[in-house]
1. Somewhere in region B:84-103, is a residue of a type in the set (Gly, Ala, Ser) and at positive phi?
2. Looking at region A:57-88 only, could you name the residues that are within 25 Å of the chain's Cα centre (by Cα), surrounded by 17 or more Cβ atoms within 10 Å (Cβ to Cβ) and more than 11 Å from every other protein chain (Cβ to nearest Cβ)?
3. In region B:91-120, what count of residues is obtained for those that are part of a strand (DSSP E or B) and touching a residue at least 60 places away in the same chain (Cβ under 8 Å)?
4. Just checking, does region B:73-83 include any residue being assigned to a strand (DSSP E or B) and either more than 14 Å from every other protein chain (Cβ to nearest Cβ) or loosely packed, with under 14 Cβ neighbours inside 10 Å (or both)?
5. Do you know which residues across region A:23-56 are within 14 Å of another protein chain (Cβ to nearest Cβ) and surrounded by 15 or more Cβ atoms within 10 Å (Cβ to Cβ)?
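Just so it is clear, none of the values below were taken in a lab; they were calculated from the coordinates. Computed from a prediction, not measured in an experiment: that's the story for all the values here. Methodologically, a virtual Cβ is constructed for each residue, glycine included, from the backbone with ideal geometry; neighbour enumeration extends over all protein chains shown.
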Amino acid sequence: MKRWLAALVLGLGIGNLAQAAIDTYQFADEAERERYRELTKELRCPKCQNQDIADSNAPIAADLRREIFRMLGEGKSNQQIIDFMVDRYGDFVRYKPALNGRTWLLWFGPGVLLAGGFVVLAVIVRRRRGQAVGDDDRLSVEERERLAKLLDREQNHD
Amino acid sequence: MKRWIMVVPLMVFLLLAVVLYKGLFLKPDELPSAMIGKPFPAFSLASVQGERTLSRADLLGRPALVNVWGTWCPSCKVEHPYLNQLAEQGVVIHGINYKDDNAAALKWLAEFHNPYQLGIRDEQGTLGLDLGVYGAPETFLIDAQGVIRYRHVGVVDATVWREQLAPLYQGLVDEARP
């Protein structure tokens, strides 16, 4: 019984340690908490580049989370908050970059490649079909004579 | 079969090889600054030494390097002697002591020499945030009007100075001269 209790207490302790890395903010309401979660998921940590700022333990990510919390409290819109970050850290900080001259390739590149693939596929299929219709499966007179000769030769060998 | 179609795989391979080869030399951890060409952000912060309040206006008039540093940053220690050297050569360098303890900063400056004309005390990292700083050291180059012209992420050493910063700095100095 005592051992179980000790394990439980230790377990709780570990849980608390893990939580210590996450900052605790008091949100005005559930909607604001949801927006905070959304924003910290969409914004990318400039220091540890493959993490969003919600996941990252880098000091800069903590600072950015604090800024987001502050701006949410001031009643700023999501777009205003994202613009604030982009003004300072560039398009890089967005996992969903805005559509502009520099990012159109990023947005449409995959679609263009896919469409290109379909075009190539269509061309190949059409060409094959055309060949199938055009080429006569039957042998010409010449070819039949040649075949007969070849077969004759085979038989003579036996 | 058309001849040209046979070289397509080779062309694709060569293109890919060039792209991947270039990729070997990219430094994805050095972000391009979003602040290039923008005015240095306004601020009102205490000085590291003495009890002055510094603002953007104090940075104007001369082209300068603005170096973001902290005593918690090992690379800053590596960089520091070279900044001293530059300062001795007459290069204008200002410091932003970023997210640091001021007593530690004072001790550092006393111990390793102070290359900074102005020492800005950014304990909360607010100015750093406005500058898009994401680590230290970072070094900004501003012109006499306080417009950010360049940013270097990481240690400024002789090579970085010679190849990147010096030509730009000299250009700005010439530009500012009447």
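1. Keep residues of region B:84-103 that are of a type in the set (Gly, Ala, Ser), which gives B:87, B:90, B:95, B:103.
Subset that is at positive phi: B:90.
Yes.
2. Once the filter is applied, which keeps residues that are within 25 Å of the chain's Cα centre (by Cα), surrounded by 17 or more Cβ atoms within 10 Å (Cβ to Cβ) and more than 11 Å from every other protein chain (Cβ to nearest Cβ), region A:57-88 yields A:Arg65, A:Ile68, A:Ile81, A:Ile82.
3. Keep residues of region B:91-120 that are part of a strand (DSSP E or B), which gives B:93-98, B:119-120.
Subsequent filtering for residues that are touching a residue at least 60 places away in the same chain (Cβ under 8 Å) retains B:119-120.
Going through region B:91-120 one residue at a time, the tally reaches 2.
4. So in region B:73-83, the residues assigned to a strand (DSSP E or B) come out as none.
Among the residues of region B:73-83, not one is assigned to a strand (DSSP E or B) and either more than 14 Å from every other protein chain (Cβ to nearest Cβ) or loosely packed, with under 14 Cβ neighbours inside 10 Å (or both), which makes the answer no.
5. Initially, region A:23-56 is screened for residues within 14 Å of another protein chain (Cβ to nearest Cβ), giving A:43-51, A:53, A:56.
Passing the criteria: A:Leu43, A:Arg44, A:Cys45, A:Pro46, A:Lys47, A:Cys48, A:Ile53, A:Ser56.
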